[in-house]
Amino acid sequence: MTKKEFKEAMLRGLGRCVIAVKKEPEKYRDLVRWACKRNFAYDAQSEGTRSWYTYTMANAYPDKEAFINTAAESLKKYRSNGGWDLLHLSELLMFFAMDGYESARIALEEKYQEILAALFARKRRPNRVFSELSDLERLGLVLAVDSKSFLRIAGDFGRLYREKKYMYDGEFAWFFSDKGGQYRRTMESAAQRDENIACFMQREQADIDAREEHWKQRQTRSPETYTGIRLSRWLAKRADKETVERHALAYRNQTQPELRAESLEAFFCCPYPDDPQPIIEDTKSESEKLQNAAWRALESIRHPAVRAFALKNVANGIRTPENFALLVTNYEPKDADLLEDLLRERITAKDWYGVHAAGLDIYRAFHKDGRVPYPKNLLLILYEYNPCSFCRESALVSMSKHRMLTREVLEECQFDSNYDIRRMAAKRLR
C-alpha cells in the first residue's frame, strides 16, 4: 500500500493496515503517530473509538514510549468539546498502562484530576449538555479497572452530587450501568460506610426509577396519541388497513405545507397505501420541510411510479442520496450496474456521508427482504469503502449469507477496528 492508500484504509478501520504495519513498520510510522493524537472513527457513538486498532499498530514498534508520549501530549492539551477525542486517547493510554507503562497511567490520572477539580470549582453549568461531566464519566469508565479504583471514582462522583447544586440525577448513568453492574455487591457494601458512594447510588437509581416510570406511562398511551416515527412504526407493524387508509386520507386532505409534512411522517416507516403521485409532487414543494418529508416517505414505497420518477431524476442529473434510496427500494436486477456507478461516483468524490447513507439504504432494502435479488457487487464495495465499521459488519453478515467471505477477507478482518468483526473472523478461520 502507498501511504495515501494506507491512511484511507486506516480511517475506515480496515485490518489490512495492521498487517501492513507489522510487515513494514517504518514506512507507516508517521501515520500511526497521527492516529495516536485523535479519534478518527466515523461514528464513535455507534462503532466505538479506534483505540484498540491504534494500540495494535503502535505495538509493532520497539519504541512504544514515542507513541505513548504522543497520545499523552494530546490528552494534556485536550479541552472539553463534546467530541470523542478524550475517550479514544484515554482508552489508548490505558492499553499501554495495562502493559506496565507507568507514564500512560500518570497521564490519565492527571487529566482525571484536572477535570474533577474544574468541576468542583464551577458554580453553575453552562447549558444542559455539559461536556466536562461527560469527559469525567468517560475517564472514570477507563480508569475503573478493579473494585478499588471503581469505589474511588464512585466516591468522587457522589461528592460532586452532594456538593454541587448544578448536578442532575443520572449524570453518570453510563458509568453506573456498566461499572456499577460489574461491582454491584462491592458498591452496596461500601455505601453503608461511605456517604459519597451512598449518594452516588441514590442519585443514579432515582434517574433509573424516573425513566422506568416514564416508559410505563408511554406504554399505556393509546396508539391514537402517537406521532412521528412512533406512529409510523405502529402503523407498519400493528395497525389494520382501515387505520392506515385514514392517515393517508388525512395527508391528502391537508393543504398547509407544514401540516402536510407532519401528516407524511406517518409513512416514514409504513408504506403509503395509495397512488404515490401526490407525494412525488410534494418533492417539488416550496416548503423545505414538506420536500424532505416527501423524499423520506417515498423511501418506503415500492411502486412503478416511484421507480420511474427515480430513473428520470438520474437521467436529468439528480444523483442525490435521497434519489439513490428510491432506486434501492425499487431495485430490479438490471439496475445493479447503475447503482454501482452511482456508489462509485460518491467514492471518487470522497463523499463519505453519501457512501454511508447508501450502505444504510442497501441494508434496509435487501438484508431483510429475501424476495428481492441482492446486488452482490455492492457488498464488496461497501466492505471496502464504507467509512463506518458498524455498517461494514452488516456488509460482512450479508457476504456470509451469500458465501462471499474469502480467506483473504477473513484474515484481514482479524485486525479490524470493529470487535465483533474480529470475533466473527476468528471463529470462521477456526
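Of Lys23/Lys64; Lys37/Lys64; Lys237/Lys289, which pairs sit farther than 24 Å apart, going by alpha carbon to alpha carbon?
Listed pairs above 24 Å: Lys237/Lys289.
What distance in nm lies between label points placed 7 Å from Cα along the C-beta direction at Lys350 and Lys427?
Placing both labels 7 Å along Cα→Cβ, they lie 3.7 nm apart.
I'd like the trypsin sites (Lys or Arg not before Pro) in the range 175-281 restricted to DSSP loop residues with at most 10 other Cβ atoms within 10 Å, sorted by number.
The qualifying sites are Arg193, Arg221, Arg238.
Based on the alpha carbon coordinates of the range 293-365, what radius of gyration and maximum Cα-Cα distance (Dmax) apply, in Å?
11.3, 32
Using a 1.4 angstrom probe on the protein heavy atoms only, line up Cys391, Cys269 by accessible area, largest first.
Final ranking, largest accessible area leading: Cys269, Cys391.
Can you work out the accessible area per residue across the chain, with the rest of the protein chains kept in place, probe 1.4 Å, in square angstrom?
That works out to 51 Å² per residue.
Just read off the accessible area of Leu360 with the full protein assembly in place, 1.4 Å probe, to the nearest 10 Å².
Only protein atoms counted, so the area is about 80 Å².
Once the dipole of the range 110-240 is set up with Lys and Arg at +1 and Asp and Glu at -1 on Cβ about the Cα centre, which of Val145, Gln217, Tyr166 lies farthest towards its positive end?
It is Gln217.
To the nearest 10 square angstrom, what accessible area does Trp215 show with a 1.4 Å probe?
Spelled out: Trp215, probe radius 1.4 Å, area about 140 Å².
Please give every one of the lysines within straight-line cross-link reach of Lys164, meaning a C-alpha to C-alpha distance under 30 Å, and leave out same-chain neighbours fewer than 8 residues apart.
Lys76, Lys77, Lys111, Lys123, Lys148, Lys179
Given the whole protein assembly as supplied and a 1.4 Å probe, what does the accessible area of Glu114 come to in Å², nearest 10?
80 Å²
For the range 181-284, take every pair of Cα atoms, bin their distances at 10 Å starting from 0, and report each bin as a whole percent.
Result, from short to long distances: 12, 30, 17, 13, 14, 11, 3 percent.
Build a GNM of the chain with springs between Cα atoms under 10 Å: which of Ala118, Ala198, Ala248 gets the top mean-square fluctuation?
It is Ala118.
Along Cα→Cβ, 7 Å out, is where each label goes; now give me the distance between the ones at Ala336 and Gln219 in nm to one decimal.
4.6 nm
Please give, to one decimal in nm, the separation of the simple spin-label points placed at Ser103 and Ser149, each 7 Å out from Cα toward the Cβ.
Going from the Ser103 label point to the Ser149 one covers 1.9 nm.
No other cysteine beta carbon under 4.7 Å away is the test; run it over the chain and list who passes.
Cys17, Cys36, Cys199, Cys269, Cys270, Cys413
If I take every Cα pair under 8 Å that is 6 or more residues apart in the chain, average their sequence separation and divide by the length, what percent do I get for the relative contact order?
13 percent.
Can you figure out the FRET efficiency of Lys289 with Ala236, using R₀ = 22 Å and their beta-carbon distance, to the nearest 0.05? Numbers along the way, then the final one.
Working: r = 22 Å, r/R0 = 1.01.
The formula returns an efficiency of 0.50 here.
Report the Cα-based extents of the range 46-169 along its three principal axes, largest first, to the nearest Å.
49, 29, 26
Of all accessible surface on the chain at a 1.4 Å probe, what whole percent is carbon and sulfur?
Values: 10720 of 22050 Å².
Answer for the chain: carbon and sulfur cover 49 percent of the accessible area.
Can you give the angle from 0 to 90° between the axis of helix 64-77 and the longest principal axis of the chain, with both taken from C-alpha atoms, to the nearest 10?
For helix 64-77, the angle is close to 80 degrees.
Suppose only helical runs count, i.e. DSSP H with n ≥ 4. What mean residue ellipticity at 222 nm does that imply for the chain under -39500 (n - 2.57) per run, divided by all residues and rounded to the nearest 500 deg cm²/dmol?
-21000 deg cm²/dmol
Round to the nearest 10 and give me the degree value, 0 to 90, for the angle of helix 228-237's Cα axis relative to the longest principal axis of the chain.
70 degrees
Estimate the FRET efficiency between Lys22 and Glu384 by the formula 1/(1 + (r/R0)^6), using the beta-carbon distance for r and 22 Å for R0, to the nearest 0.05.
0.60
Just how large is the dipole of the chain about the Cα centre, in debye to the nearest 20, putting +1 at every Lys and Arg Cβ and -1 at every Asp and Glu Cβ?
Charge dipole of the chain: 540 debye, to the nearest 20.
To one decimal place, what orientation-averaged projected area in nm² is obtained for the convex hull of the Cα set of the chain?
25.3 nm²
Among Glu288, Glu322, Glu137, what's the order by accessible area (1.4 angstrom probe), most exposed first?
The ranking, largest first, comes out as Glu288, Glu322, Glu137.
With a 1.4 Å probe and all protein chains kept in place, how do Ser147, Ser74 rank by accessible area, largest first?
Listed by decreasing accessible area, they come as Ser147, Ser74.
For the range 304-430, place one equal point scatterer on every Cα, skip the solvent, and apply the Debye formula. What is log10 of I(q)/I(0) at q = 0.13 Å⁻¹?
Calculated log10 I(q)/I(0) at the listed q: -0.53.
The values are calculated or read from the model by the stated rules, or taken from the named source; none is laboratory data. Keep in mind it's a predicted model, so treat the numbers as computed, not measured. Virtual Cβ from ideal backbone geometry, glycine too; neighbours counted across all protein chains shown. Accessible surface areas use protein heavy atoms only, side chains included; no ligands, DNA or RNA. Shrake-Rupley method; radii C 1.70, N 1.55, O 1.52, S 1.80 Å.
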